[in-house]
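Before any comments, here is the structure.
Values in this text are rule-based calculations from the coordinates and carry no lab data. It should be emphasised that the depicted structure is a prediction, and the values quoted were computed from it without experimental measurement. Because the Cβ atoms are built from the backbone with ideal geometry, glycine has one as well, and the counts that use them run over all protein chains shown.
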2 protein chains.
Amino acid sequence: MAAMKVRGNAFSTATMRVLACLREKGLEFQFVPVDMSTGEQKKEPHLSFHPFGQVPVFEHGDLKLFESRAITKYIAHEYADKGTQLECQGAAMPIGLQWMEVEAQQFESPASKLVWELAVKPMYGIPVDEAAVEENTAKLAKVLDVYESRLVESKYLACDSFTLADMHHLPNIDFLMGTKAKALFDSRPHVSAWVAHITARPAWVKALTIRNN
Amino acid sequence: MAAMKVRGNAFSTATMRVLACLREKGLEFQFVPVDMSTGEQKKEPHLSFHPFGQVPVFEHGDLKLFESRAITKYIAHEYADKGTQLECQGAAMPIGLQWMEVEAQQFESPASKLVWELAVKPMYGIPVDEAAVEENTAKLAKVLDVYESRLVESKYLACDSFTLADMHHLPNIDFLMGTKAKALFDSRPHVSAWVAHITARPAWVKALTIRNN
């Protein structure tokens, strides 16, 4: 079987979600950088791998996959007995599904919009939309209120061990901790402890080293 | 085991996603209407079932689940051998994951915003935001361009049979077919045939009868 390949960008949250998963599983892969500054992802040949013109794309032999959460779910399931077990087990399975959907449907939208406004725009000198910051700060605060209540009763979001439901948050959180949105996490003690805990995972630290290459 | 229960609203797309799944599976359930016109979903006791104050909530014995796509994935998996098989099988499994994420990450946002502007707001006499209609029409058109290409090669989005990846689209499509956004679907022949095919499914037709009660 050919080596696993990830076509992506080290500053794309979706790419980093997949790299976090591969590192948790201890799987070897080849990283193929896609230069988003020149719009490489919107041109052929990349469009033939990803019809929406985004990153990442995962390839393994004949299998070609896009959508970061589909890739991580596939890897977690297919390589269940390698590295970290990233799926909730037994009766906790539906709870794992629930908290993965919470990340995708409740957290991702305000978090990624704040990443765009507070982390990406300043890097490129693009003026920040203060109304968007305010709106999404309020939305994210409400989401984190629910997380705070949940994390009082459970060390991790979905079950008693680290799973995809936690891992999917890492790339957006990593960016937000370098912005004023950090206060939203810091002011909620259980959320703050959870953030400290999951961002310190060796697999995540190793995933981030891709930015040094 | 107690009866399955769905707390929801017949005009909520997320609720209808779950009812479509239960009907495809031929599972009996009790429907508990949540009156969203009085904000019942934002008050106790509903908030104790759904901390984000939304619908639906699925209950079965001790299991309480929110997030419609988590509920359908759980039901499709747990009752795999009942009614319609809604999961992609074997090597197609990751492709099923991929197209479910496409619905959730690419289709849902523009589709639900158009449902809000073109179907819900007129019902309540709220002025339509024409800029939002234009922006989301353009976004949805791009998504449907990808669907059109995909449906040239595959009768259904994910594999050669109807699965969750198709089914998750039904509630938004049902609303949009009663608005001017219908033209976006009608103008793409394979998308149009797919819409005609999936909206005619007996399980979906039966799910919609909840609105007559």
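At 222 nm, what value in deg cm²/dmol follows for chain A if DSSP H runs of at least 4 each add -39500 (n - 2.57) and the sum is divided by all its residues, to the nearest 500? Before the final figure, lay out the partial values.
Working: 12 runs with 107 residues, N = 213.
Roughly -14000 deg cm²/dmol at 222 nm, from the helical runs in chain A.
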For peptide A:59-71, the mean count of other chain Cβ atoms within 10 Å per residue Cβ is 4
Ordered by number, the GluC sites (Glu not before Pro) in region B:1-45 that occupy a DSSP loop and have at most 13 other Cβ atoms within 10 Å are B:E28
If amide H atoms are modeled at 1.01 Å from N in the peptide plane, then the residues at a separation of 5 or more from B:C159, or on another chain, having amide H under 5 Å from its own are none
As straight-line cross-link partners of B:K42, the qualifying lysines (C-alpha separation under 24 Å, not fewer than 8 residues apart within one chain) are A:K139, A:K142, B:K5, B:K64, B:K113, B:K121
What a careful reader reports for the chain A Cβ nearest the rotation axis onto chain B, distance rounded to whole angstrom, is A:A104, 3
Per DSSP, the loop-located trypsin sites (Lys or Arg not before Pro) within region B:15-111 having at most 16 other beta carbons within 10 Å are B:K43, B:K82
Rounded to one decimal in nm, the spacing of the 7 Å Cα→Cβ label points at B:A141 and A:K121 is 2.7 nm
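On average, how many beta carbons from a partner chain sit within 10 Å of the beta carbon of a residue in A:97-107? Mind dumping the intermediate values first?
Working: counts 9, 10, 2, 4, 10, 5, 1, 7, 10, 4, 0.
Across the residues of A:97-107, the mean count of other-chain Cβ atoms within 10 Å is 6.
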What the 10 Å binned alpha carbon P(r) of chain B shows, as percent of pairs per bin from 0, is 8, 34, 37, 19, 3, 0
Per-residue average of other protein chain Cβ atoms inside 10 Å, peptide A:136-148 -> 1
For the protein assembly as shown, shape from the Cα gyration tensor axes a ≥ b ≥ c, cut at a/c of 1.5 then a/b versus b/c, turns out rounded
Residues whose built amide H sits under 5 Å from the amide H of B:M4, excluding neighbours closer than 5 in sequence, are B:Q30
Within region B:143-213, DSSP-loop trypsin sites (Lys or Arg not before Pro) with at most 13 other C-beta atoms within 10 Å are B:K180
Label model pair B:E153, A:E44: point-to-point distance (7 angstrom along the Cα→beta-carbon line) in nm is 1.4 nm
